[in-house]
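Q: Before I ask anything, let me first share the structure, which is written out below as structure tokens.
The values are calculated or read from the model by the stated rules, or taken from the named source; none is laboratory data. Computed from a prediction, not measured in an experiment: that's the story for all the values here. Here the Cβ is made from the backbone with ideal geometry for all residues, glycine too, and neighbour counts use every protein chain on show. Please note that ligands, DNA and RNA were not included when accessible areas were found on the heavy atoms of the full protein model with its side chains. Shrake-Rupley method; radii C 1.70, N 1.55, O 1.52, S 1.80 Å.
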Amino acid sequence: MHPVIRIICFLLFTAFISQSDYWQLLFATVLITGLLLLHPQGWFQQAFSMVLRLRWFLLSIVIVYGWLTPGDVHTQASAWLPSLQGLQLGLMRVYGLMIIVVAVAYLLTMT
């Protein structure tokens, strides 16, 4: 496949992942796992390394979403706890970003 077609496919994949819900993220995970089984050339180690480098950024996303998204708090006694909806949204965004990072590693390895 031509590199321009790969980059366009990656950009479309990223656009769809950025606006996805849980089921679409699960489908993307299955798709990335299929790529892992099709091309076991060691690109997943590079992806794992890239995700590890982003761990503080990903943690900050969960914290910002958790504390700044309005919603239900775990208990009524404390207003300092993160909201449940914020934690769910933050974890969903982090999961999507991790899928995109794995797709970047695949694109870099195959191009």
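Q: Given points 7 Å out from each Cα along the Cα-Cβ axis, report the Leu68 to Arg53 separation in nanometres with one decimal.
A: Each label point is offset 7 Å from its Cα along the Cβ direction, giving 2.5 nm.
Q: Simple spin-label model, 7 Å along Cα-to-Cβ: Leu35 to Ile5 in nm?
A: Between Leu35 and Ile5, the label points sit 1.6 nm apart.
Q: Computing the accessible area with a 1.4 Å probe over protein heavy atoms, can you report the carbon and sulfur percentage for the stretch 1-41? It would help to have the intermediate numbers written out before the result.
A: Values: 2510 of 3210 Å².
Exposed carbon and sulfur together represent 78 percent of the surface.
Q: For the stretch 20-111, state which chymotrypsin sites (Phe, Trp or Tyr not before Pro) are in a DSSP loop and have at most 13 other beta carbons lying within 10 Å of their beta carbon. Please report the intermediate quantities before stating the final value.
A: Numbers: sites: Tyr22, Trp23, Phe27, Trp43, Phe44, Phe48, Trp56, Phe57, Tyr65, Trp67, Trp80, Tyr95, Tyr106; in loops: Trp80.
Answer by residue number: Trp80.
Q: Tell me what the chain gives for mean residue ellipticity at 222 nm when only DSSP H runs of n ≥ 4 count, each as -39,500 (n - 2.57), the sum divided by the residue total, rounded to 500 deg cm²/dmol.
A: Helix contribution divided over all residues of the chain: -25500 deg cm²/dmol.
Q: Another question, then. Over the chain, give the accessible area per residue in Å² for a 1.4 Å probe, as an integer. Let's see the in-between values first.
A: Numbers: 7680 Å² over 111 residues.
I get 69 Å² per residue for this part.
Q: A follow-up question, please. For the stretch 1-61, what are Rg and Dmax over the alpha carbons, in angstrom?
A: My reading of the Cα-based Rg and Dmax gives 13.3, 37 Å.
Q: With the convex hull built on the Cα atoms of the chain, state its orientation-averaged projected area in nm².
A: Values: hull surface 30.8 nm².
Averaged projected area of the chain's Cα convex hull equals 7.7 nm².
Q: Quote the relative contact order of the chain in percent (integer), defining contacts as alpha-carbon pairs under 8 Å separated by 6+ residues. Don't skip to the end; give the middle numbers.
A: Working: 99 pairs, mean separation 39.1, N = 111.
Rounded, it is 35 percent for the chain.
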